[in-house]
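The structure appears below as structure tokens.
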Amino acid sequence: VGELPRRVRVVVEAPQHAAMAVALDYLSDRALPAGTLVRVPLGKREVTGVVWDEEPAGAAARPHTVPTELRPVAQVFDALAPLGAGWRALVSFAAGYYQRTVGELALSVLPPELRRIDGVALARRLARLRARGLADAVAAQPATPDPGAVEQPELDAAQQAALQAIATAAAHQPPAAVLLHGVTGSGKTEVYLRQAARVLAQGRQVLVLVPEINLTPQLEARFAARFPGHRLVAMHSGLTPARRLRHWLLAHLGEADLVLGTRLAVFASLPRLGLIVVDEEHDASYKQQEGARYSARDLAVWRGRAESVPVLLGSATPSLESWQRALEGRYCHVALPGRIGGGALPRVRFVDMNLLPRTRGVTTALAAPLVEAIESRIARGEQSLLLLNRRGYAPVLHCADCGWKSDCPHCSAWRVFHKSDRTLRCHHCGYTQRVPRACPACGNPDIQPLGRGTEKLEEQIAELLPTARVARIDADTARRRGALEASLAAVHAGDVDVLVGTQMIAKGHDFRRITLVAAVNPDTALFASDFRAPERLFALLMQAAGRAGRDAQQAAGSEMWLQTWHPRHALYAALRAHDYEAFAASQLAERRSAGLPPFTHLALLRAEARQAAQAAAFLEAAAQAMAGLDGAEAVTVYPPVPPAVARVANVERLQMLLESPSRRALQRLLTAWREPLTALRAEHRGVLRWAIDVDPLTI
Ligand code: ADP
Ligand code: ZN
Ligand code: ZN
């Protein structure tokens, strides 16, 4: 019987809209267990695929049922152990939930290099990897080594209680996810380390997810320093393809004990998985924003349950989804109530912009009392951090004579003025031009920047504080390789007095000498149309505040300043009291009455076309096609609307919101909807792309 060809089902990378929605059949002269990597012919190409189903029982005994037109598997990656059942279950679930094909998802979460090379090349790499041994396991050294990294500090009472609660939650079947809630400096990371130590001692692997690995080099260093006998690998898209493959293989082979990575690491193949940590679980970067729009946080929780592995979600400002689940008792809520060593949280101070004198109708960048506060910091050798969540010099250039503004010809957005290289740059499509010498519409040479970005703030601070050493960190300054690391090192070394930047500087960094944090213009997010804007603003400001006074000796004098036109806004009141719970309660009450998540479940159908009418026609037809589908009775469909920026790179975008109190009903509908949508797409030739976004972050 072993001689007879048998049928194997293989998933290959096929986009959502390709006709091949399921696994493809191939012939193999031997049984291939599910999870085996293979090369198979696809049309004229040969592609990497994953054997998905075990051959149905009895199939091998009836070889005559194998149709002769099936093509044989070209190559089997024998050197590699098959991907495990846990991994396959995760991929299947994610593909179903986020409405993609299994093949697309499975292949897209494997290292790109693994899809590119053939079985022979892979075998060679594996041999080299085994010969290299531990060479890869070195982690970057932190600029200022944290004394708490190597030596285990004595746990305080709250941390002990937290670990006790985690042990209890982990003993449940399946383990309950734990929401570890504590401000920056409350000792969350130490709790991760202790729980990781327990799991490593059992010979199991630990997966640690972080929002952006470049912003948190200390975390990697702390894990590496604490567990010198264990191999730690990083997993993120910034690695070279070869290195990414090596790290993935080390995890898959069970050779790496600790995997630290960004959202894609949730799909790491980990045969001995024993713990998942999701640090800063509220962070928006856990949601993939293209292709399969998965939430790594949500998948981590799913994976933990499926593999009976405890999941730790850590945050100072949990997402309202996680918070509501904790309130309902579905997650175990564990609080670390204060900073380690009793360090105070920064005092929150407001500058009421309504009361400030104006010069020529324009308020200055920083209010006088704030400038004085920064000056006194500099005099004491302390640092200040100024947060302005807008990069570039000015968001728009303007001609006062004719009203011209620096709009992007390809997008419904302004082009941002970047003074350093004198360009106008569109942050949506990348369209870049030299700044015109005069107004392109009327020739007026006096065109002026409107508003302020980080570049301009940096310049203004240099004017206000001529002797201060000012540094800026944002996506522009971080573009050059090594630039971010260099700037961060300068801050840590005390070579910077004032650090200016976007949300990049609010995250993760364990700055020791910062005693003043100021949000220069936080109000813009207060009145944004997106329902999650207040949640994001609160989290950002709490996180920024957490940068101040990390050193207990300096904590007492640390301050968080806010320049605002709305000093009495409820969000700021909660911030002043460092009261996440009050903020969450008021937000949840609003969400409940407005019928928004976490009390309802959302999905978006997005469509892109050259003309808005084409996208609209597709979406309207899609809404019609929903009638009578399973689940439709419990789903409300809203009329198509453009997103905040409707046109990008000459493509019009439109989206249609689906809402349901029942996640299951919404899922049933989306699944039933895919076939009619694929058919509709064929009729609506003008539609360039469409996609379903389940649990969208912005609507
Ligand atoms: P978080 O992750 O909540 O920001 P960390 O775990 O990083 O908090 O703790 C903040 C600082 O306090 C770190 O420098 C850490 O080494 C130190 N630390 C944590 N737990 C203790 C403890 N029990 N005793 C002394 N220092 C501690
Ligand atoms: Zn003009
Ligand atoms: Zn543009």
Taking K and R as +1 and D and E as -1, what net charge do the other residues with C-beta under 13 Å from the C-beta of L596 add up to? -3
Local charge sum around S308 (other residues, Cβ-Cβ under 13 Å, Lys/Arg +1, Asp/Glu -1)? +3
For R576 and D352 in the same chain, what is the full-extension length gain: residue separation times 0.36 nm, less their Cα-Cα distance, in nm? 79.2 nm
Assign unit charges at the C-beta atoms only (+1 for Lys and Arg, -1 for Asp and Glu), then state the dipole size of the chain relative to its Cα centre in Debye, rounded to the nearest 20. 1100
Going by average Cβ neighbours within 10 Å, how do the peptides 630-639, 650-659 rank, with the highest at the top? 650-659, 630-639
Stick to the Cα atoms of segment 235-282, pair each with every other, and give me the Kirkwood hydrodynamic radius in Å at one decimal. 11.2
Can you give the alpha-carbon Rg of segment 427-492 over 2.2 N^0.38 Å, where N counts its residues? 1.48
Using the Kirkwood formula over every pair of different C-alpha atoms, what hydrodynamic radius in Å results for segment 165-254? 14.9
At 0.36 nm per residue, and after removing the present C-alpha to C-alpha distance, how many nm does the segment from R243 to D421 gain when stretched out fully? 60.7 nm
Here the equivalent ellipsoid of segment 599-699, derived from its Cα gyration tensor, has semi-axes (largest first, whole Å) of 22, 16, 9
With angles folded into 0 to 90 degrees, how steeply does helix 368-379 sit against the dominant principal axis of the chain? Use alpha carbons for both and round to 10. 80
Scoring the chain by relative contact order with C-alpha pairs under 8 Å, at least six apart, yields a percentage of 11
Of the candidates A268, A74, V278, the farthest towards the positive dipole end of the chain (Lys/Arg Cβ +1, Asp/Glu Cβ -1, centred on the Cα centre) is A74
Subtracting the Cα-Cα distance of R45 and A489 from 0.36 nm times their residue separation yields 155.1 nm
Evaluate the charge dipole of segment 585-699 about its Cα centre and quote only its size in Debye, nearest 20, assuming +1 on the Cβ of each Lys and Arg and -1 on the Cβ of each Asp and Glu. 220
Once you treat every alpha carbon in segment 90-132 as an equal point and sum by Debye, what is log10 I(q)/I(0) at q = 0.14 Å⁻¹? -0.46
Considering only L370, L299, A256, whose Cα is most displaced toward the positive end of the charge dipole of segment 239-390, charges sitting on Cβ of Lys, Arg (+1) and Asp, Glu (-1)? L370
Label-point separation, S376 to A438 (7 Å along Cα→Cβ), nm: 5.2
Once you have all Cα-Cα distances for segment 185-314, histogram them in 10 Å bins from zero and send the whole-percent values. 13, 49, 35, 4
Segment 524-596: radius of gyration over Cα atoms, expressed as a fraction of 2.2 N^0.38 Å: 1.22
Within 14 Å, Cβ to Cβ, of A672, how many net charges do the neighbouring residues add up to if Lys/Arg are +1 and Asp/Glu are -1? 0
Here, V120 and R479, labelled 7 Å along Cα→Cβ, have an inter-label distance in nm of 4.3
Could you provide, to the nearest whole Å², the per residue accessible area of segment 147-230 with probe 1.4 Å? 39
For segment 471-543, state which chymotrypsin sites (Phe, Trp or Tyr not before Pro) are in a DSSP loop and have at most 12 other beta carbons lying within 10 Å of their beta carbon. F527
Within the chain, the percent of DSSP beta bridges that are antiparallel, given to the nearest 5, stands at 50
Calculate the FRET efficiency for L450 and L526 from the Cβ-Cβ distance with a Förster distance of 22 Å, rounded to the nearest 0.05. 0.65
Simple spin-label estimate for A85 and A31 in nanometres, 7 Å along Cα-Cβ: 1.5
Compute the normalised compactness of the chain: alpha-carbon radius of gyration over 2.2 N^0.38 Å, N being the residue count. 1.02
Segment 457-602: translational diffusion in µm²/s, Stokes-Einstein, Kirkwood Rh over Cα pairs, 10 °C, 1.306 mPa s: 94
Taking every pair of Cα atoms in segment 385-457, average 1/r, invert it to obtain the Kirkwood radius, and report Rg/Rh to two decimals. 0.97
Cβ-placed point charges (K, R +1; D, E -1), dipole of segment 422-525 about Cα centre in debye, nearest 20: 360
Classified through the alpha carbon gyration tensor (a ≥ b ≥ c as square roots of its eigenvalues; rounded if a/c is under 1.5, else prolate when a/b is larger than b/c, else oblate), segment 152-215 comes out rounded
For the chain, whose charge dipole is built from +1 on Lys and Arg Cβ atoms and -1 on Asp and Glu Cβ atoms, the candidate among G546, A490, P5 with its Cα farthest towards the positive end is P5
Of all accessible heavy-atom area on segment 480-576, the percent that carbon and sulfur account for (1.4 Å): 51
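The values are calculated or read from the model by the stated rules, or taken from the named source; none is laboratory data. It should be emphasised that the depicted structure is a prediction, and the values quoted were computed from it without experimental measurement. Note that each Cβ is placed from the backbone with ideal geometry, even for glycine, and that neighbours are counted across all protein chains shown. SASA here: full protein model, heavy atoms, side chains in, ligands and nucleic acids out. Shrake-Rupley method; radii C 1.70, N 1.55, O 1.52, S 1.80 Å.
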